[in-house]
Every structure is written in structure tokens, then in C-alpha cells.
1. So which residues in the range 56-72 are β-branched (Val, Ile, Thr), assigned to a loop (DSSP other than H, G, I, E, B) and in contact (Cβ under 8 Å) with a residue 40 or more places away in the chain, if there are any at all?
2. Determine, yes or no, whether Asp88 is modelled with pLDDT of 95 or more and closer than 21 Å to Asp27 by Cβ.
3. Give the residues of the range 4-55 that are outside any strand (DSSP E or B), among the aliphatic types (A, V, I, L, M) and touching a residue at least 40 places away in the same chain (Cβ under 8 Å), sorted by residue number.
Amino acid sequence: MDPVVVHAGDDLPTLDIQLYDGSSELDLSAATTAIYAKFRLKGDDTVLATLTLAKISGGGATGWVRLTWGATTLDVDAGNYELEIYVDFNASIQTVNNYYLYGYSSDVNSTIPVQVRDDF
């Protein structure tokens, strides 16, 4: 999958992502279900930020979520980063490796690649 391209210091774009468990859309509609994404430098173990994703399109019943970058999340050096999404189903955790990233493509068994470019 081609990486999501963002610029250092920016706060946008938001990312709309549909989450799957195998070939089935994840039902995220329970009020106690929360969705998060860890952001890190590719190849590094240090998590730079943990973002809370919002349920969209039917309250999460069809697996659609929106990632909004934090105010300082992209205040990092240019380079290759990655996102890993996990769902907290009322204290039962599931890491999500199957997703469709709106405007990009679908992928299986991977993190979401992010390329941070220097600003002018």
C-alpha cells in the first residue's frame, strides 16, 4: 500500500478507515467500544502518540472510523512512520490488521504506512 502522505507540523488530513475482522466489517456500535491508533517511527518500538478514533457512518456498526491527528502528533521529523489500530471491546483488546483506507486502498495484515514530509 502507498503511504498516507502528510507534512510535518500539519494537523490534517483526517483519515476515514473501515475496519475488518477477516472479510467481515467490525461492529463497533456498542457504547463501551473505543478505537485507538498508535503512531510510531517505522522500525522503532517507541509509540509517539496514541490517538482516539471516532465512530462514523451508522455509529460504528459498519466498522467506519475517523482518525483526526492530535495538535502536535505530526510535529515530528520527516520520515516513514506507521499507524496500528486497536479496538477496546469493553476491556477485550483486538489489534486490527485488515482495513480499507478511504481514498487509498485496502490492505491485510499490515500497519498503515505514513510518510511525513518536510514543510517548505
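1. So in the range 56-72, the residues β-branched (Val, Ile, Thr) come out as 56, 62, 65, 68, 72.
Filter again for assigned to a loop (DSSP other than H, G, I, E, B), leaving 56, 62, 68, 72.
Across the range 56-72, the qualifying residues are Ile56, Thr62, Thr68.
2. yes
3. First, the residues of the range 4-55 that are outside any strand (DSSP E or B): 8-14, 22-23, 26-32, 42-46.
Filter once more, so that each one left must be among the aliphatic types (A, V, I, L, M): 8, 12, 26, 28, 30-31.
Ala8, Leu12, Leu26, Leu28, Ala30 - these are the residues of the range 4-55 that are outside any strand (DSSP E or B), among the aliphatic types (A, V, I, L, M) and touching a residue at least 40 places away in the same chain (Cβ under 8 Å).
The values are calculated or read from the model by the stated rules, or taken from the named source; none is laboratory data. These numbers were taken from a predicted model, which means no experiment stands behind them. A quick note on method: Cβ atoms are made from the backbone with ideal geometry, for glycine too, and the neighbour counts reach across all protein chains shown.
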